[in-house]
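Rule-based calculations on the coordinates, nothing more; no lab input. All values reported here derive from a predicted model rather than from experimental measurement. Here Cβ is always computed from backbone atoms with ideal geometry, including for glycine, and neighbour counts include all displayed protein chains.
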């Protein structure tokens with residue numbers, strides 16, 4: 001099955017904008033999934049939208065409601081949400097660059113592939129990819145997808161670019177309360193030497209193919225065995241009723257103009273003098 005783009009827009013580096021698509025780097029199609037079945041009738045279980053005292057309702061009558069915590073909800077129409085216009089809905093601008101090692105693994109969430117949408121975009125795409133690789137940096141920016149604004153880190157990945165979404169700082173739990181009860185004692189020297197030697201012996205290059213989801217394999221084997229078994233119970237079920245193709249700007253001119261603008265900002269002090277750090 002061909003990969004479906006989850007987001008289409010512009011990857012921007014200062015004045016350089018590249019039409020791109022974002023695709024998920026992971027897949028769930030290999031997972032074994034189940035449906036809930038009503039055993040007496042053999043029909044799939046459905047979930048209806050219902051309201052207490054009213055019963056099933058039309059999905060068109062549903063709006064979002066914010067719980068005020070005072071036994072009331074503030075109603076928000078879809079049009080009002082759509083009216084919140086964020087530049088990140090169509091643009092992923094890399095606004096800062098950092099060393100990859102500066103970002104704690106705690107922040108990383110999910111990987112995505114960034115691909116150019118047409119041949120015209122490939123030259124600029126390759127320049128950004130190679131510049132990130134040469135500098136040893138990742139580019140940070142934000143983009144809006146499915147009603148949420150994500151923080152992302154862009155880095156080279158083979159011939160292309162990989163973007164990993166990051167958790168915001170306020171989404172991470174403080175580990176200190178969980179680690180407080182761990183005694184701050186020095187490890188036994190002999191035990192430490194043995195444990196270190198064991199780690200050294202089992203060390204080697206990372207190879208993801210060396211690991212298998214044993215539960216998934218066993219589950220597929222179980223299903224295959226039950227399909228062959230004539231005594232297996234079966235029930236017959238039946239359900240009831242981006243900017244694409246845009247020309248890339250002159251890459252060299254745009255990069256040089258961006259560089260001039262960056263130098264000018266660095267030399268020109270802000271009006272009113274420098275503010276004191278708060």
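What is the diffusion coefficient of the chain in µm²/s, taking the Kirkwood radius over Cα pairs and the Stokes-Einstein relation at 25 °C with a viscosity of 0.890 mPa s?
In µm²/s, the coefficient rounds to 97.
Could you please rank 38, 23, placing first whichever residue has the fewest other Cβ atoms within 10 Å of its Cβ?
Arranged by neighbour count, lowest to highest, 38, 23 become 38, 23.
Place the peptides 152-163, 42-53 in order of packing, highest mean first, counting for every residue the other Cβ atoms within 10 Å and averaging per peptide.
152-163, 42-53
Could you tell me what % of all Cα pairs in segment 54-128 have separations over 18 Å?
In whole percent, the share of Cα-Cα pairs in segment 54-128 beyond 18 Å is 72.
Within a 10 angstrom radius of the beta carbon, how do 259, 251 rank from fewest other beta carbons to most?
Fewest-to-most ranking of 259, 251: 259, 251.
For residue 199 and residue 222, calculate 0.36 nm times their separation in residues minus their Cα-Cα distance, and state this gained length in nm to one decimal.
So the chain would gain 4.7 nm between residue 199 and residue 222.
Residue 8 versus residue 32, label points 7 Å from Cα toward the beta carbon: distance in nm?
About 3.8 nm, to one decimal.
Once you sort the root eigenvalues of the Cα gyration tensor of segment 16-99 as a ≥ b ≥ c, which label holds: rounded (a/c under 1.5), prolate (a/b larger than b/c) or oblate (the other case)?
Oblate is the answer for segment 16-99, as a/c is 1.5 or above yet b/c matches or exceeds a/b.
Write down, largest first, the equivalent ellipsoid semi-axes of segment 120-185 in whole Å, where each equals the square root of 5 times an eigenvalue of the alpha-carbon gyration tensor.
35, 18, 8
Can you run the Rg to Rh ratio on segment 83-126? Use alpha carbon positions and the Kirkwood inverse-distance Rh.
1.04
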